[in-house]
Every structure is written in structure tokens, then in C-alpha cells.
Amino acid sequence: MKKDDIRLMPISNGTVLDHLPVGAALKIVEILKLDKAKDAVTVAINTESARRGRKDLVFIEGKALTKKEIDRIGLIADHGTMNIIKNKEVKRKEKISLPKQATGLIKCINPKCITNIEKLATKFSLTEKPLKAKCHYCEKTISEEEIFKAIK
Amino acid sequence: MSFSLTDIVSISDFSREDIEAVLEKAAEMEKTPLAKKNKILENKTVAVLFFEPSTRTRLSFETSVQNLGGNVIGFADAGVSSTKKGESLSHTIRVVSGYADMIVMRHSIEGAARRAAEVSKKPIINGGDGANQHPTQTLLDLYTIQKQFKKIEGINIGLLGDLKYGRTVHSLMYALANFDKVKVYCIAPDSLKMPKSIIGDTSGKLQVKETSKLQEFLPKLDVLYATRIQKERFVDEFEYEQIKNVFILGKEILKNAKEGFKLMHPLPIVNEIKTELDNTDAALYFEQAKNGIPVREALLSILRDVKK
């Protein structure tokens, strides 16, 4: 993360999600319910990026993400970066990547799918370019746009 | 012969080796006299659970179990099972897997067979799960082609009718993609064309051509696999009226067809193939339905020894 990116509001301790595709930041706020966070959350939308042209960022004060949260972000923030900040220093940097499988992360859009009838965790296999998810049970393939709407 | 699966849930689980193992076993079953093969499922019980009605699939499974000397338990209508009382599919399957050595099932819920295979300690055979999969139909279709033409590789096959919603033609596309040099001619009205996603998934393996005119490709075909166009698929009744006759096959198709041309159909036929074709050399659909027996016998026989 370049210094320029931290101009908005560098956090002291927590997580910075960087190099997010434009449009991902608000979706991440929604799915991680960051609007209800105890500490400050700062979002930057459509900022300049040498790597992506344009990008979004999310700064989350006082929070480390769980494995499940990282997987959910991976669905919409593939190729992004997660920075763990301690005392205003980047302690660790991790690439966010698309999980091969998504368990319990996406609701199947097929109303006749067994996962919408019995209490059962959904399972999807994921492929990229373009992002697609295939239901392990009913085998319905859903598009990127549908996945964004169906993330639990 | 190598077979890697413990359950028959979806044709997409099958490798070419798995398909060939089933076809080989089916050919063996067809040659084996009843007196010999009725020991295969001796002292074995097969549960045939049909949560939604079916005629051919259920009867051919039950006949196959009996031919192999097994006992059949089950129901042909969910109304007589505890499903009616509100029992979940997972519970029903767990209970029945304690009674039977194998379970054949049909259910209207999509993904029901995959779920059943997860909770059952005994092999599951999917006899159809809603609009999703019906793998034993696809295997008997492949067996019919193999038996008739002595090969699947290099076959020229036309798929006709409702290619947008038709479960059998979708599964057949994926299954044929395991074989080399297969040419598929997708013949459908514009509103019922083969989904692009399926053509995309099988491209590079199958050579696919699309048209709405049967006559254009008819002379090239070894086999034409016809399916029914359902009136309820059309928003515009006028459009249905316009195209319905184009997709009703009669004796006139034989004029342009090449020698040895065969006509297949998953049945039931409503009006899409005229009865005048039933007794011609081209009609392969009754033979196709009959092939359900050796193919289902083969699957039951292969799965008998599976340990999950």
C-alpha cells in the first residue's frame, strides 16, 4: 500500500482492504455488516490505482477478519490485498483470492434447490473470468451479478 | 473395467472410463441368460423410492432388480410415505438405507439425489431430480447409440426440439463431450435454442452447429434425437402454432436421410413423431426404451460391491 492511499484516514490497529474492484467496498460493508461496527470504518470509492486503474478501499479500525469473512470477501474482491495494521504499521499483507469452494456463503437462486427446502449449508464450486458459481446440489450455475446478490 | 463412482447422481460425475464400464457391463448383461444373472442380487434388497410419479424409469428399475434376483421395497407415490407427514428427505433416506442395500430414487426437488448420496451409507441411483439430472436416461441413450453404430466416436447426431429446457439433451451433450470427433447439430426454434453456457462448456470437445431448419442437416445425420416442444413454453401462442408442425416428424424425413439413419426419442411421444414412423427401420425409440433394462441391470450389478 502506497502512502498516498492512506491519506484519507490511516487506522491505528485493524484491517485495510486494498486494490478492491470498484463497487466492492460498499458490498463488503454490507456483507460484513460494517455499518454496525463499534469503531470507525472508512470507505474510499473509485480512487486512482496504478495496478487497477481505479479501485476501492475499506479501512476497518479495531477488527481482524475471520476465515469465513475473508472467504466471503474473496468472492467479490478477488486479487485485492488485505493489510493487517498494528500501531499504524503494516504488520502483514495477504492477497485476497477467490476460494475454490464456497460453503454456506451463497444462497442458491434456484427455488427448487434442496438447499432452499431443507436446512442445509450451500456448497458452490467457483470459477473466474467471468466469475461463476455452480451449486453442488442442483448444479445450477449462477453469474457474477447473481452471486453478488446472493451472498449471505 | 474401471468404475470410480459410489453413487449415480449426475452425468457430470462420469469420466469416459466410467461410461465405458457401464456400457460394457450392459452389453454383458444383455448376453447373460436370466437363469445365470438372477444370482447377482441374491439376498439383496433394493429400495425404489419414487417421490414423484414415473412409469418407464420405475418399472424398468424394478424389472432389473427382479431379473438380478433381488427384492424390491419402496413406493411409487410420496403420498403413501412419511414425506406426507413432513419428514425430511435426509431422514427418509437415512432410515431406508438401514433397510436396503441400494436406493433408487426420483424426487421433484433438484439436488435431492446429491443430498441423499451424502447421508446414505448405501449407494444411491438417481432416477431423476426435478429438471436437474436423469443420468440413467443418458447412459441408456449412449448404450443405444453404441449398440446400433458399434461406436460413439465420430457420430453425427442431431438434437431436435426443445433444446433450451430439455434435461435429456443437455445431459447428452455433456456425455458426448467425453468422446472424440462427435458432431452435434442443434436443431431448434430460436426461442428454444441450446443454452450458450452448454455449448461453451462442451466446445473444443464437440463440434456443434446450430440451425432452425431440420432439412438443412438431415442428410448428414446418423441419428436424430427428437424431443417434444411443449406449448406451455411459449409466451406467444401464435409462435407455437407457427413452428409446431415444422417439428412434427413424419415419413417424409426419410426421403433425405442417409442410409442407416435412426430416430431416437426419450419417450413419451405425444405428437412430435407420427405413428407412421413407428414401424420403419429408422425408429429406434422402442429399442432405446428397452435398453433401459440392461443399462440399469449393469448399474445395479456394478454398485452391488461398492463400499461407501
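The values are calculated or read from the model by the stated rules, or taken from the named source; none is laboratory data. Since the model is a prediction, treat every value here as computed from it, not as a measurement. As a convention, Cβ positions derive from the backbone with ideal geometry for all residues, glycine included, and neighbour counts pool all protein chains shown. Please note that ligands, DNA and RNA were not included when accessible areas were found on the heavy atoms of the full protein model with its side chains. Shrake-Rupley method; radii C 1.70, N 1.55, O 1.52, S 1.80 Å.
So the values come out like this:
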quantity	calculated
Qualifying residue in segment A:84-103 (condition: touching a helix residue (DSSP H, G or I) at 6+ places or on another chain (Cβ under 9 Å) and within 14 Å of chain B (Cβ to nearest Cβ))	yes
Within segment B:58-137, strands (runs of 3 or more DSSP E) holding 1 or more residues that are small (Gly, Ala, Ser)	B:71-75, B:124-129
Number of the exception - B:Leu300 against (1) within 22 Å of B:Phe149 (Cα to Cα); (2) buried (at least 21 other Cβ atoms within 10 Å of the Cβ)	(1)
From the options B:Asn43, B:Asn71, residue that is touching a Lys or Arg at 6+ places or on another chain (Cβ under 8 Å) and open to solvent by 30 Å² or more (accessible area, probe 1.4 Å)	B:Asn71
Residue that is nearest to A:Lys100 (Cα to Cα) [pool: residues in segment A:123-146 that are outside any strand (DSSP E or B) and more than 10 Å from chain B (Cβ to nearest Cβ)]	A:Glu128
Single residue of A:Asn83, A:Asn87 found to be open to solvent by less than 100 Å² (accessible area, probe 1.4 Å) and either in contact with an Asp or Glu (Cβ under 7 Å, 6 or more places away or on another chain) or in contact (Cβ under 8 Å) with a residue 60 or more places away in the chain (or both)	A:Asn83
Any hit, segment B:26-44, residues being of a type in the set (Asp, Glu), away from chain A (no Cβ under 14 Å) and in contact with a helix residue (DSSP H, G or I) (Cβ under 7 Å, 6 or more places away or on another chain)	yes
Selected residue (criterion: modelled with the highest pLDDT) from residues of segment A:48-70 that are open to solvent by 40 Å² or more (accessible area, probe 1.4 Å) and either part of a helix (DSSP H, G or I) or under 22 Å from A:Ser143 (Cβ atoms) (or both)	A:Ile70
Segment B:162-199, residues that are within 16 Å of the chain's Cα centre (by Cα), closer than 24 Å to B:Tyr240 by Cα and in contact (Cβ under 8 Å) with a residue 40 or more places away in the chain	B:Asp162, B:Leu163, B:Tyr165, B:Gly166, B:Thr168, B:Val169
Set B:Gly111, B:Gly98, B:Gly70: member being within 14 Å of another protein chain (Cβ to nearest Cβ) and at pLDDT 95 or above	B:Gly111
